[in-house]
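Below: one structure, written as structure tokens.
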Amino acid sequence: MSTLREALGAVWRTPRGRAGMGFLAFLALLALLGPLALPEPFRQFDLEELANAAPSVDHPFGTDQLSRDVLSRVVSGARISLAVAALAVGLSVTLGAAVGLVAGYWGGVLDAVLMRLVDGALAVPRLFLLLLVLSVPDRVPLAALILLIGTTGWFATSRLVRAEVLRLREETFVRAAEALGASRRRVIFRHLLVNAAGPLLVAATLGVGDVILLEAGLSFLGLGVQPPTPSWGGMILDGRPVLEAAPWVSVFPGAAIILTVLATNLVGDALRDAFDPRGA
Amino acid sequence: MTRVLHVRDLRVSFPAPDGHRFHPVDGVSFSLDRGETLALVGESGCGKSLTSLALLRLVPPPGRVDAGSTIRLGDTDVLSLEGEALRRIRGRRIGMIFQDPMTSLNPVFTVGDQIAEGVRAHLPVTKAQARERALALLQEVGIPDPAGRLDAYPHQLSGGMRQRVMIAIALAAEPEILVADEPTTALDVTVQAQILEVLDQLRRARGMAVLLITHDLGIVAGRADRVAVMYAGQIVEEAPTLELFAHPSHPYTQGLFASVPRISGPVERLTPIGGTVPSPTAFPSGCRFRPRCPQAFDKSELPPDLLAVGPDHRMRCWLAEGRGGRD
Amino acid sequence: MTSVSPPLLEVRDLVKHYAAGGLFAGGPPVRAVEGVSFTVGRGETVALVGESGCGKSSVGRTILRLQEPTSGRAVFDGTDVFALDRAALRRLRRRMQIIFQDPYSSLNPRMTVGAAVAEGIEIHGLAKGAEVARRVAALLAEVGLDPGYARRYPHEFSGGQRQRVGIARALAVEPSFIVCDEPVSALDVSVQAQVLNLLADLQRERGLSYLFIAHDLAVVRQIARRVEVMYLGRIVESGPTEALLASPRHPYTVALLSAVPEPDPTRRRSRIVLRGDLPSPSDPPSGCPFHTRCFHPGRNERCRTELPLLRPVGATLAACHYAESTPAAAPATAASA
């Protein structure tokens, strides 16, 4: 959709947006190239090096207790964290948009029921719910983790979409489409959703930052991404025992989280600005 | 006649994306005498609203009034005022009413509060006195049951009544000049008649000068003493009302007259002005009306000055040179 | 009506009430349209005139079934519009179209102008592939726009141009009847003239019929052959434009006419300034809806209790008990110096 292109272009034009997009693009590139970009496989034990070596030319981020290169691990962790975030947010956004659309367009009893459900769900603290569910089984497969995060994160989005749909439904151009004989499906997809996409995109982008933090937190507690799959949160956990002796083991993954979330927030903000004071 | 307002070479500029500045108001000059109504007529984009905002130094940033402009209120140089001194002329010496009464009134305050606020901002009165004054003003603007309406909220009033409230607020501090920016455009025609009547009565009772900004030639004919027609940031014709309507001389003015549907007289096909209003970021060189002018000729490539075409009647067009007096 | 052929559109006793909502939910309904009847002939323009709150826009939308009526009938070319099922209604939409007032909200901001114009064509399968683009280009040209603009978005256009796009969009399905809902009210004077001329030309070239909804009598005079004047949901006067404007019989029409500012400072008409405000449509006055503000010297108890019906008075139909003696506005006089 060319509006997406326009929005991204608008984001690129602001310094904040450029910084955020640049960082994310760089990160995505690293994550994609993956193993090819790594100085060394993250599982490799560098038997020649000491464990917990400080950052050096050979190991720019240092090594951890198991003599693994921290930089390699951070890059590998990026793949996982970004994938989890993207997929989980994708799921949330789809669910939220669907529910919000149904509630807003059809209204009436359906709307009331759905929104009461959402109200109830929002009353449940997400983190505790996840902790509870994730602590029961011994191992939680990655797919299940993504599913859990995705299905617990759509509530606010649905309210957002519902509000947009309610507003758009009364717009004259929707009346015009109806007057032309447009089917319900056409009105929903070509007129309502397309115009609700803006705020939705903003919410999605900011949501990515949220999920990265959430996943990192869960992994730090041992409940998220399970070793040996690397994740930033898990790496911080791994670095705890040697925090004084080798702080870089925790610090670099931590910095990666901070920078990534900052970047998504910058892009999200810039997107919001791009969609707000627009033409019409 | 005492002159209460004098504007000379007013220029308002805004920054363009490429760094240059463009001028939606480009060298506007006019003056107002006590008790008279001057109508500033033009279509969207001609700069009339910005002109009125400039008088109160309310041009929204990043726009600004350019150096070289003069706005003189009696003896006061408006452009040199700052802070408290500037605040004191707003409302006290010049009052302003805007087009849309719904968004110009604060929805969370009662009507009485908003008028009283206008009073207390400029006059040293107690809260009780201000409230009394507000009541008197509501009566003056013709609101039925003013005592009952004092504590009403804007959404409880009709459009016509809200506009009367706006007028009351504008007059709260007894200004010498009232700037009315399209005061009746958002109103029904019968309500419009009521509001214009109120404005006229108030003007006569207080000896106020009124700057009436509008696009409606009918309102101008009925209510203004003098008219200035604006196009593309400049005044292109100015004359007393009767003179302008009897002898519209600038091709743009003539075009406007030819494109207005009439309520009486023969019904003929309207002759609209071809083309569209130029954007302030790209005004044509030379005479700005040239691209759309049916009477353009070679001299139109030079920007024309305001030249005389009749008694107290000038227009910005080289065609005036053919006729120093009446055609 | 002098034409012999049956009217294209016949509206009978149309009623539209809106349930009070929001803060006023549960209160009395808003009686937007209270029994309106009129006809529109083939190739004819009938104007529906009135101020805000009179219900004219509701009439326009209800006839097209963009809203469901509360009661009444609308017969379009022999078809009962309100009795159609969804599929038949969709087919009817080809023949009855609408142009809206606000050029800024009547076009989808995320849709190119070409796509907007093409939408009707696609919905009804009137053309496929390259033919669609050809038609769009032709339509844009017909309304006076450069066909190359098809790729642009609404925000790149002025109000007048957007209005033309709206007209092209309506024409795309080849209607025979168009409801023009205040199509020029939001436009500048010179643009207004352009669009009015366009509408008149299109009517001539395509044999269109218009229901022209407006509040400006001068505009109406320019384009409509017959006028229906509405007040608080009812038609108070109806007749040929020139006759109605020359000698209005209903006091509201007289007031409306006298309030129109005329661009001629030498004609000083006595203006009738109505007292008071428009009554609320959810609480209309008893009897004649206009009696609370009426200036007719013959106004009396009967006006308060008995609803006047439209009846022939002179050259028009007027809903007033004393229409024969309605004072006209003082005749226009040339001011002496």
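Summary of values
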{"quantity": "Which listed residue, of C:165, C:179, C:184, is touching a residue at least 24 places away in the same chain (Cβ under 8 Å) and in a strand (DSSP E or B)", "calculated": "C:179"}
{"quantity": "From the options A:252, A:275, A:220, A:189, residue that is within 13 Å of another protein chain (Cβ to nearest Cβ) and buried (at least 16 other Cβ atoms within 10 Å of the Cβ)", "calculated": "A:275"}
{"quantity": "Residue tally, condition within 12 Å of residue B:165 (Cα to Cα) and modelled with pLDDT of 85 or more, over the stretch B:97-126", "calculated": "12"}
{"quantity": "Of all residues making up the stretch A:65-96, the number that are in a loop (DSSP other than H, G, I, E, B) and buried (at least 20 other Cβ atoms within 10 Å of the Cβ)", "calculated": "1"}
{"quantity": "Out of C:256, C:245, C:211, sole residue that is away from every other protein chain (no Cβ under 11 Å) and outside any loop (DSSP other than H, G, I, E, B)", "calculated": "C:211"}
{"quantity": "Subset of the stretch A:167-176 that is more than 7 Å from chain C (Cβ to nearest Cβ) and in a helix (DSSP H, G or I) - its residue that is surrounded by the fewest Cβ atoms within 10 Å (Cβ to Cβ)", "calculated": "A:167"}
{"quantity": "Scan of the stretch C:90-116 for residues that are surrounded by fewer than 23 Cβ atoms within 10 Å (Cβ to Cβ) and within 12 Å of residue C:167 (Cα to Cα), ordered by number", "calculated": "C:101"}
{"quantity": "Residue that is of a type in the set (A, V, I, L, M), modelled with pLDDT of 90 or more and closer than 15 Å to residue A:231 by Cβ, where the choices are A:80, A:149", "calculated": "A:149"}
{"quantity": "Exclusive hit being outside any loop (DSSP other than H, G, I, E, B), among the charged types (D, E, K, R) and surrounded by 21 or more Cβ atoms within 10 Å (Cβ to Cβ), set C:119, C:131", "calculated": "C:119"}
{"quantity": "Selection within the stretch B:207-218 - in a helix (DSSP H, G or I) and in contact with a strand residue (DSSP E or B) (Cβ under 9 Å, 6 or more places away or on another chain)", "calculated": "B:217"}
{"quantity": "Hits in the stretch C:296-329 (condition: among the hydrophobic types (A, V, I, L, M, F, W, C), free of Cβ contacts under 8 Å to residues at least 24 places away in the same chain and in a loop (DSSP other than H, G, I, E, B))", "calculated": "C:307, C:309"}
{"quantity": "Any pair with Cβ under 6 angstrom, 6 or more apart, that starts in the stretch C:82-94 at a residue that is within 11 Å of another protein chain (Cβ to nearest Cβ) and ends at one that is among the basic types (Lys, Arg) and not in a helix (DSSP H, G or I)", "calculated": "none"}
{"quantity": "Test: residue B:45 is of a type outside the set (Ser, Thr, Tyr), within 14 Å of chain C (Cβ to nearest Cβ) and in a loop (DSSP other than H, G, I, E, B)", "calculated": "yes"}
{"quantity": "Selection count where residues are assigned to a loop (DSSP other than H, G, I, E, B) and among the hydrophobic types (A, V, I, L, M, F, W, C), scope the stretch B:48-89", "calculated": "5"}
{"quantity": "Meets criteria (within 14 Å of chain C (Cβ to nearest Cβ) and among the β-branched types (Val, Ile, Thr)) for residue B:210", "calculated": "no"}
{"quantity": "First in the stretch C:101-128 and facing chain A (nearest Cβ under 10 Å) and on the phi < 0 side of the Ramachandran plot, second anywhere and part of a loop (DSSP other than H, G, I, E, B) and surrounded by fewer than 17 Cβ atoms within 10 Å (Cβ to Cβ), Cβ under 7 Å, 6 or more apart", "calculated": "C:101/C:185; C:104/A:280; C:109/A:279; C:109/A:280; C:112/C:152; C:121/C:127"}
{"quantity": "Residue within the stretch C:269-278 that is within 23 Å of residue B:223 (Cα to Cα) and either away from every other protein chain (no Cβ under 12 Å) or β-branched (Val, Ile, Thr) (or both) present", "calculated": "yes"}
{"quantity": "Selected residue [more than 9 Å from chain B (Cβ to nearest Cβ), at positive phi and out of contact with any Lys or Arg (no Cβ under 8 Å at 6 or more places or on another chain)] from C:174, C:228, C:182", "calculated": "C:182"}
{"quantity": "Subset tally (residues that are in contact with a Leu (Cβ under 6 Å, 6 or more places away or on another chain), away from chain A (no Cβ under 12 Å) and surrounded by fewer than 22 Cβ atoms within 10 Å (Cβ to Cβ)) for the stretch C:145-162", "calculated": "1"}
{"quantity": "Neighbours by Cβ (under 8 Å, 6+ apart or cross-chain): first from the stretch B:116-131, free of Cβ contacts under 8 Å to residues at least 12 places away in the same chain and in a loop (DSSP other than H, G, I, E, B); second surrounded by 14 or more Cβ atoms within 10 Å (Cβ to Cβ) and among the basic types (Lys, Arg)", "calculated": "B:125/B:133"}
{"quantity": "Residue match in the stretch A:196-209 (condition: within 14 Å of chain C (Cβ to nearest Cβ), touching an Asp or Glu at 6+ places or on another chain (Cβ under 8 Å) and under 30 Å from residue C:94 (Cβ atoms))", "calculated": "yes"}
{"quantity": "Selection count, the stretch B:57-110, where residues are among the acidic types (Asp, Glu) and either within 24 Å of residue B:14 (Cα to Cα) or surrounded by 14 or more Cβ atoms within 10 Å (Cβ to Cβ) (or both)", "calculated": "4"}
{"quantity": "Matching entry among A:140, A:133 (being of a type in the set (A, V, I, L, M, F, W, C), surrounded by 14 or more Cβ atoms within 10 Å (Cβ to Cβ) and in contact (Cβ under 8 Å) with a residue 40 or more places away in the chain)", "calculated": "A:140"}
{"quantity": "Condition check for residue B:183: in a loop (DSSP other than H, G, I, E, B) and surrounded by fewer than 24 Cβ atoms within 10 Å (Cβ to Cβ)", "calculated": "no"}
{"quantity": "The stretch B:274-292 residues that are more than 13 Å from every other protein chain (Cβ to nearest Cβ), paired with ones that are among the polar types (S, T, N, Q) and assigned to a helix (DSSP H, G or I) (beta carbon under 9 Å, 6 or more apart)", "calculated": "B:286/B:300; B:287/B:300; B:290/B:300"}
{"quantity": "Boolean, residue C:165 is of a type in the set (Val, Ile, Thr), closer than 22 Å to residue C:61 by Cβ, in contact with a helix residue (DSSP H, G or I) (Cβ under 7 Å, 6 or more places away or on another chain) and more than 10 Å from chain A (Cβ to nearest Cβ)", "calculated": "yes"}
{"quantity": "Check on residue C:174, surrounded by fewer than 22 Cβ atoms within 10 Å (Cβ to Cβ), farther than 30 Å from residue B:161 by Cβ, of a type outside the set (Phe, Trp, Tyr) and touching a Leu at 6+ places or on another chain (Cβ under 9 Å)", "calculated": "yes"}
{"quantity": "Among (1) among the polar types (S, T, N, Q); (2) under 30 Å from residue B:190 (Cβ atoms); (3) facing another protein chain (nearest Cβ under 9 Å) - the single one residue C:97 does not satisfy", "calculated": "(2)"}
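The values are calculated or read from the model by the stated rules, or taken from the named source; none is laboratory data. These figures come from a predicted structure and were not determined experimentally. Every residue, glycine as well, gets a Cβ built from its backbone with ideal geometry; the counts of neighbours run over all protein chains shown.
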